[in-house]
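Note sheet for the following structure.
Each reported figure results from applying straightforward, stated rules to the coordinates on display, with no laboratory input. Computed from a predicted model, the values in this text were never measured in an experiment. Positions of Cβ are backbone-derived with ideal geometry, glycine not excepted, and every protein chain shown enters the neighbour counts.
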């Protein structure tokens, strides 16, 4: 199969969306499928084969993300020359709209993955004054209903889209991750280089340092844990707009925390493998790739409870979930005590297939084929319907979300 991936964000931009697309692309190519990625330009990007970059600008106050401002006809020309079989969009914005245009002109099916729960991010757009949750619901409904089918990374995402009024087929397919080999020698070398003693317990949090990731909650729990266990060390991996405030908090409370900064994607697994426990207090994850990356690197997790995490925490060795800020330190201390007492077995490779990138790609491919079969049975309008639907979506956004056409 020949597949075109359309996304506003891709490496070198570090995000769960970038990781998900690369994981899927790598697995599909292993199976002999041809994949081309259409995305935005980036000042740090190097030229790569089968990646088409469209002229772009930083996206408003979310400056480390970009939005394309041209490229419809260029993408159509490339897609037509490749004789693509299917378009898979991963954004509801500029490059996603380009994907819709290409699919409508080539008369091929379009699958969309709804990666981001945007209602958690409206504060980035002019402090929430420009984009409201009602706008998010209307835009998401309109965009998804123009696809032939939608992939939801979790049941939470599926339920949200159905509440928005999305009526096309929605398939829940959690993003998988490659199963990593445990690098015992690398773990020892890295810990030694970072001054970590053999008897120390390393806690890790790894994400973009932004409000919705709730790193402050992790720091407060760490402050409480350190009062009774001075052998704990916390690594904060990642960068973002909240870094300065978080470092200030640590200085104010005399907390020894290692802020390691931005981590290249190829080195992310190293940090999971040197850690003993991964802490995550985020409330904005729709698919939680960091959880999966931690587990496949044999690092248990402590994370805030949600339906998605309940579905993957199927082994006692995977870690624990907590319910609110007041319980995080206690849940963490209890799990560490059980580990030290030998009551919890290490994570085994045989436990991880359900989280694997191989299973993820197989399920996505099956959904592609299902959408192709359904598309072949339908009659399709001319491409100008695409533009009419965009205008309809704008009207709905401005007037309200109760319009039926």
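Starting from the exponent 0.38 and prefactor 2.2 Å, build the expected Rg for the stretch 66-117 from its residue count and divide its actual Cα Rg by it.
Dividing the Cα Rg of the stretch 66-117 by 2.2 N^0.38 Å gives 1.10.
Taking the 0 to 90 degree range and rounding to the nearest ten, how far is the long axis of helix 325-340 tilted relative to the main principal axis of the chain, both from C-alpha atoms?
Long axis of 325-340 versus the principal axis of the chain: about 60 degrees.
Can you tell me how much longer the chain between residue 182 and residue 366 gets when fully stretched, taken as 0.36 nm per residue apart minus their C-alpha distance, in nm with one decimal?
Here the answer is 63.2 nm.
Give the Rg (one decimal place) followed by the Dmax (whole number) of the stretch 1-107, computed from C-alpha coordinates and expressed in Å.
For the stretch 1-107, the Cα radius of gyration and maximum Cα-Cα distance read 13.0, 40 Å.
Angle, helix 133-145 long axis vs. longest principal axis of the chain, Cα atoms, 0 to 90°, nearest 10?
60 degrees
Calculate for the chain the 222 nm mean residue ellipticity that helices alone would give, adding -39,500 (n - 2.57) per DSSP H run of length 4 or more and normalising by residue count, nearest 500 deg cm²/dmol.
Per the formula, -13000 deg cm²/dmol.
Order the peptides 234-242, 45-53 from the highest to the lowest mean number of other Cβ atoms within 10 Å of their residues.
Highest mean packing first, the order is 234-242, 45-53.
With a Förster radius of 22 Å, plug the Cβ-Cβ distance of residue 74 and residue 26 into 1/(1 + (r/R0)^6) and report the FRET value to the nearest 0.05.
The pair residue 74/residue 26 has a calculated efficiency of 0.30.
If the chain between residue 198 and residue 230 were fully stretched, how many nm would it gain, using 0.36 nm times the residue separation less the Cα-Cα distance?
Between residue 198 and residue 230, full extension yields 10.1 nm more.
Let me know the Kirkwood hydrodynamic radius for the stretch 184-346, please, with Cα pairs as the basis and the value in Å to one decimal.
By the Kirkwood definition, the hydrodynamic radius is 15.9 Å.
At what distance in nm do the modelled label points of residue 340 and residue 317 sit from each other, each positioned 7 Å from its Cα along Cα→Cβ?
2.2 nm
Could you order peptides 8-18, 185-195 by the average number of other Cβ atoms within 10 Å of their residues, highest first?
8-18, 185-195
Pairs of alpha-carbon atoms within less than 8 angstrom and 6+ residues apart define the contacts here; what relative contact order does the stretch 2-172 have, in percent?
19 percent
Could you state the angle between the C-alpha long axis of helix 94-106 and the longest principal axis of the C-alpha atoms of the chain, as a value from 0 to 90 degrees rounded to the nearest 10?
Result, in degrees: 40.
Can you give me the three principal axis dimensions of the chain from its C-alpha atoms, in Å, biggest first?
Largest first, the chain extends 68, 47, 37 Å along its Cα principal axes.
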